[in-house]
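Student: One structure coming up, written as structure tokens, with questions to follow.
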There are 2 protein chains.
Amino acid sequence: MSLDRLLVKIAETQNPTVAGLDPKLSYVPEYIKAEAFEKYGVNLKGAAKALYKFNKGLIDALCDIVPAIKPQCAYYEMYGYQGVKTLYKTMEYARKKGMFVITDGKRNDIGTTMEAYAAGHLGTVAVEDEEFTPFGGDALTVNGYLGTDGIAPLIEICDRHDKGIFVLCKTSNPSSGELQDRLIDGKPVYEIMGEMCEHWGKDLLGQYGYSGVGAVVGATYPEQLKELREKLPHTFFLVPGYGAQGGGAKDVAGAFDQNGLGAIVNSSRGIMCAYQKEGCDEHDYAQAARREALRMKQDIMQHVGTIRL
Amino acid sequence: MSLDRLLVKIAETQNPTVAGLDPKLSYVPEYIKAEAFEKYGVNLKGAAKALYKFNKGLIDALCDIVPAIKPQCAYYEMYGYQGVKTLYKTMEYARKKGMFVITDGKRNDIGTTMEAYAAGHLGTVAVEDEEFTPFGGDALTVNGYLGTDGIAPLIEICDRHDKGIFVLCKTSNPSSGELQDRLIDGKPVYEIMGEMCEHWGKDLLGQYGYSGVGAVVGATYPEQLKELREKLPHTFFLVPGYGAQGGGAKDVAGAFDQNGLGAIVNSSRGIMCAYQKEGCDEHDYAQAARREALRMKQDIMQHVGTIRL
């Protein structure tokens, strides 16, 4: 179990960013929606098919320059099981194109239930004597509020399939401090959660010094990001909050180590809606996303230098 | 927004319990699996169809004596989007039979993303000018680690559709104390989360004194359950951990108020696998579940007395 496959992709592309695929229908170009609605109807199925077509175009335009996608489950569940089918197909297509897939589900539960989530999202599931891959993500975001026995089943399955997890530590939203900044024995909750990540990952180190247990730390809290980078040397960070949420390249600089490793920065709306911001022809949405992804890469890399494995 | 529809169902049935529908394939009678595999193949679709048939039988046998079901998302996601379709159909069928549906997803995220979860699980979603109901749950379990702006979008949608939520406070698993029992200014984290539930629900009181913001508190921690009942007078409890996880009727007694209200106790494996425990013919699985549900009701009601609205 490790996140090494992700680290290798980051070094290959010299790009420590991930494209968040959180598609709302309002982000999708009219011509794609019109085609899907004509073929499948103005309903959840039609919407889900439009989202898939939109995602596919984005993946085609990004797969050689961006190492990973991060689909957010909520935006697929919003369109019912039809939307969840689009989640599966999007993940399958991205993997086929060589991208690393981080499923952003922030799942959490007791041990036996986490076994089911782990098998479904990262592992395989047996039906009679055959094994099937329900979603096939490479990593899953999780919430550690339930403690070790909500995490242990993930570790076992990640170990078997060479997958990883990212545990929420300091989230990017304005109210994250209500619980996460409160002090327990003089330490903020987010730091305690970070220490648990180090502890959970201690026997799962990959080749490049980082374990299979990563942490989510928001770009909107640059001081905490820098502080946690120093305190959690084996924990790789998934950093949301860049762009639309307000975090800039300077804010995420502290997330990286001296080799330019240590973090991957997410942008969702910035990339997906680049064509709307540019005001270009909607048929050009995928190339606009590529332009924005390259701009973001350059923006962040000026603070990172060269990425060396 | 409130949980009043649930409270009315509990009083009508004089039964403060909920059937957890967390179906593993190994719980499903062979005759149901054989039929599904023959018709749909030995694959995720066949498995999902078998689970649906199993659930349908349980709902038919329970709907006049048990007020609610609580499907656990993990056990459906485990079978991919095909499994998620079974989740939807199970929920639809239970609602048609008059049951209250609590979706156990423990969802959590930043505000904009929680809007998507709220719309998908509890509300409606627009496709062009038409509104659709992606899942149609009556309540959703959520994790409050992200603070108020991860909860606020739910409250807005719950208000519009008369739905409710249950926020994790003290979970039933052995390691729940690793974070939840730690002290912040002399108060355990679970109590702080409980106080946040009271705060979030303060303007959302229903007719019977309880708000639309409930809390999850495990049967496996009877002292904390009693303590929280006293400290959180407007917060209705969803209580997992009875039966297979080790909690008994005496352990949950403290969750109820003087009117026999205040909590609903979940049993999953105990009900679903009653036929295996009884050793009866597998064709009798649904009636065995009914017998166990009645036994559980009686077991808990001896500590509750009459339920009065």
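Values in this text are rule-based calculations from the coordinates and carry no lab data. Predicted model only: the values in this text are computed from it and were never measured. Neighbour counts are summed over all protein chains in view; Cβ atoms, including those assigned to glycine, are modelled from backbone coordinates with ideal geometry.
Student: Ordered shortest first, which distances in nm separate the 7 Å Cα→C-beta label point of A:D60 from those of the other copies?
Tutor: Listed shortest first, these distances are 4.8 nm.
Student: Let me ask something else. Give the nm distances, rounded to one decimal, from A:E38 to the matching residue in every other copy, measuring between label points 7 Å along Cα toward the beta carbon; shortest first.
Tutor: Values, ascending and in nm: 4.5.
Student: What is the distance in Å between the Cα centroid of segment B:42-92 and that of segment B:233-279?
Tutor: When both Cα centres are located, 21 Å separates them.
Student: Ranking request for peptides A:148-156, B:202-210: highest mean number of other beta-carbon atoms within 10 Å first, then the rest in descending order.
Tutor: The most tightly packed comes first, giving A:148-156, B:202-210.
Student: Rounded to the nearest angstrom and ordered from largest down, what semi-axes does the equivalent ellipsoid of segment A:82-133 get from its C-alpha gyration tensor (root of 5λ)?
Tutor: Largest first, segment A:82-133 gives 21, 16, 11 Å.
Student: Is the shape of segment B:162-247 best called rounded, prolate or oblate, per the rule: a/c under 1.5 gives rounded, else a/b larger than b/c gives prolate, else oblate, with a ≥ b ≥ c the square roots of the Cα gyration tensor eigenvalues?
Tutor: Oblate, since a/c reaches 1.5 and b/c is not below a/b.
Student: Dipole magnitude of segment A:188-290 about its Cα centre, charges +1 at Lys/Arg Cβ and -1 at Asp/Glu Cβ only, in debye to the nearest 20?
Tutor: Its charge dipole is roughly 60 debye.
Student: Same structure, new question: Taking only the alpha-carbon atoms of segment A:149-194, what semi-axes of the equivalent ellipsoid follow from 5 times the gyration tensor eigenvalues under a square root, in whole Å, largest first?
Tutor: 27, 12, 7
Student: Tell me the mean residue ellipticity at 222 nm calculated for the protein assembly as shown from its helices only (DSSP H runs of n ≥ 4, each -39500 (n - 2.57), averaged over every residue, nearest 500).
Tutor: Value at 222 nm, helices only, nearest 500: -13500 deg cm²/dmol.
Student: Let's see if you can work this out: charge +1 on each Lys and Arg Cβ, -1 on each Asp and Glu Cβ, no other charges. What is the dipole magnitude of segment B:4-301 about its Cα centre, in debye to the nearest 20?
Tutor: Rounded to the nearest 20 debye, it is 820 debye.
Student: May I pose another question? Assume the label is 7 Å from Cα along Cα to beta carbon: what separations in nm does B:P174 have to the matching positions in the other copies?
Tutor: 4.3
Student: Right, something else. Once the principal axes of the Cα atoms of the protein assembly as shown are found, what is the range along each, listed largest first in whole angstroms?
Tutor: That gives 69, 58, 46 Å along the principal axes, largest extent first.
Student: Moving on. How big is the Rg/Rh ratio for segment B:207-302, C-alpha atoms only, Rh by Kirkwood, two decimals?
Tutor: 1.05
Student: Okay, next question. From the Cα gyration tensor of segment A:1-133, with a ≥ b ≥ c the square roots of its eigenvalues, which class applies: rounded if a/c is under 1.5, or else prolate if a/b is larger than b/c, or else oblate?
Tutor: oblate
Student: Also, quick follow-up: Using the charge dipole of the protein assembly as shown (Lys, Arg: +1 at Cβ; Asp, Glu: -1 at Cβ; taken about the Cα centre), state which of A:L168, B:F132, A:C73 has its Cα farthest towards the positive end.
Tutor: Toward the positive end, the furthest listed residue is B:F132.
Student: Starting from the Cα of A:D284, step 7 Å toward the Cβ, then list every residue of segment A:48-91 with an amide N under 11 Å from that point.
Tutor: Within reach of a label on A:D284, which here means backbone N under 11 Å from a point 7 Å along Cα→Cβ, segment A:48-91 contributes nothing.
Student: If you count, for every residue in B:174-181, the Cβ atoms of partner chains within 10 Å of its Cβ, what is the mean?
Tutor: If you average over the peptide's residues, the count of other-chain Cβ atoms is 6.
Student: Summing Lys, Arg as +1 and Asp, Glu as -1, what charge do residues with Cβ under 12 Å from the Cβ of A:K24 carry, A:K24 excluded?
Tutor: Once all neighbours under 12 Å are counted, the net charge is 0.
Student: Let me ask you something else. Which ³J(HN,Hα) values, rounded to whole Hz and listed in residue order, are derived for segment A:255-270 from phi using the Karplus coefficients 6.51, -1.76 and 1.60 in 6.51 cos²θ - 1.76 cosθ + 1.60 with θ = phi - 60°, glycine and proline given as x?
Tutor: Karplus-based 3J(HN,Hα) across segment A:255-270 equals 7, 9, 8, 5, 9, x, 9, x, 7, 10, 9, 9, 9, 10, 4, x Hz.
Student: If you take the Cα Rg of segment B:4-301 and divide it by 2.2 N^0.38 Å, with N the number of residues, what do you get?
Tutor: Segment B:4-301 yields a ratio of 0.98.
Student: Can I get the semi-axes of segment B:76-215's equivalent ellipsoid? Compute them from the C-alpha gyration tensor as square roots of 5 times the eigenvalues, in angstrom, largest first.
Tutor: 27, 18, 15
Student: What ranking, highest mean first, results for peptides B:47-57, A:297-307 when packing means the other Cβ atoms within 10 Å averaged over each residue?
Tutor: Top of the packing list down: B:47-57, A:297-307.
Student: Using alpha-carbon pairs under 8 Å, 6+ residues apart, how would you state the relative contact order of segment B:1-69 in percent?
Tutor: Result for segment B:1-69 is 47 percent.
Student: Across peptide A:187-193, what mean number of C-beta atoms from other chains lies inside 10 Å of a residue's C-beta?
Tutor: Mean shielding count: 2.
Student: Looking only at other chains, what is the average number of their beta-carbon atoms within 10 angstrom of each beta-carbon in A:121-130?
Tutor: 4
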